[in-house]
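Single-structure report; data block below.
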Ligand code: FBP
């Protein structure tokens, strides 16, 4: 990790960009792949990546999660926005659901090639989902570990979407199973992990503790009917020692995405 004039390594600079003062407010926009365009129906303008890039910029988000195609085709707008790009390196659709989930590494024949591609697209970090509990979890753990090695070699922080899922996972927000997934994130070398909320600050604090030196951010889930419910969760996450959020639908499905972004910023960076 090369040293620059200000004495911080490139890795530290990248991490500080997506997590200024240790706090993250990341906008996720890979749902078009993961869930399909039905997610854009609540706020039709959200189908347009340019609109999302603008929300990320005007809403002061510290990172924007995209897949490779959008990152490439909208590169100029992303560069202009100055919002750090987080390239999602794996993904899977919900069209086929007949088996336990597996989300394969994309954009290259191996982790090294995928991370090089992220760097070419000027990403400041990379992301990867591990479905703990799936019968394919060992495969994903291995791909994730290899991404950590390759990404750190190129000074890119790694965010793990640590999602318990599969036939044997009855409740994907059960604090014990979320804590287990979080711990795997630490063991595999994630810099940040993104997990679902476990329902209260106390149990989320246990998740944060199990993640050790790996920072924990909350994933949003479907848009809450009442905005306050979501904002209260964010407050509880911070009380519990969480480092912020990496959310999508609760922001860009909102009638006023910039208004809710402002409220989020107030909570996370106050
Ligand atoms: P949301 O805040 O919209 O839930 O986005 C967070 C996220 O992790 C996305 O990055 C991803 O597309 C989606 O959730 C996956 O959701 P699911 O739990 O349905 O797999």
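Tabulated data
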read-out: Helices (runs of 4 or more DSSP H) completely within the range 227-270 that count 3 or more residues being within 12 Å of the ligand (Cβ to nearest atom) and over 12 Å from residue 27 (Cα atoms); value: 227-239
read-out: Condition met for residue 216 (in contact with a helix residue (DSSP H, G or I) (Cβ under 6 Å, 6 or more places away or on another chain), crowded, with 18+ Cβ neighbours inside 10 Å, part of a strand (DSSP E or B) and at pLDDT 95 or above); value: yes
read-out: Matching residues in the range 1-50 - criterion: being touching a helix residue (DSSP H, G or I) at 6+ places or on another chain (Cβ under 7 Å), away from the ligand (no atom under 13 Å from the Cβ) and part of a loop (DSSP other than H, G, I, E, B); value: 1, 2, 4, 23
read-out: Subset of the range 82-104 (residues that are more than 16 Å from the ligand (Cβ to nearest atom) and either under 19 Å from the mean Cα position of the chain (by Cα) or buried (at least 23 other Cβ atoms within 10 Å of the Cβ) (or both)); value: 82
read-out: Residues that are in contact (Cβ under 8 Å) with a residue 40 or more places away in the chain and either under 16 Å from residue 259 (Cα atoms) or part of a strand (DSSP E or B) (or both), drawn from the range 52-84; value: 52, 55, 58, 59, 60, 61, 63, 65
read-out: Set 123, 114: member being in contact (Cβ under 8 Å) with a residue 24 or more places away in the chain, part of a loop (DSSP other than H, G, I, E, B) and away from the ligand (no atom under 13 Å from the Cβ); value: 123
read-out: Failed item in (1) touching a strand residue (DSSP E or B) at 6+ places or on another chain (Cβ under 7 Å); (2) in contact (Cβ under 8 Å) with a residue 60 or more places away in the chain, with residue 34 passing the rest; value: (1)
read-out: Single residue of 177, 192 found to be closer than 26 Å to residue 105 by Cα, modelled with pLDDT of 95 or more and out of contact with any strand residue (DSSP E or B) (no Cβ under 9 Å at 6 or more places or on another chain); value: 177
read-out: Qualifying residue in the range 114-122 (condition: within 13 Å of residue 189 (Cβ to Cβ) and either under 16 Å from the mean Cα position of the chain (by Cα) or crowded, with 16+ Cβ neighbours inside 10 Å (or both)); value: no
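The values are calculated or read from the model by the stated rules, or taken from the named source; none is laboratory data. Keep in mind the model is a prediction, meaning the values are calculated, not measured. Positions of Cβ are backbone-derived with ideal geometry, glycine not excepted, and every protein chain shown enters the neighbour counts.
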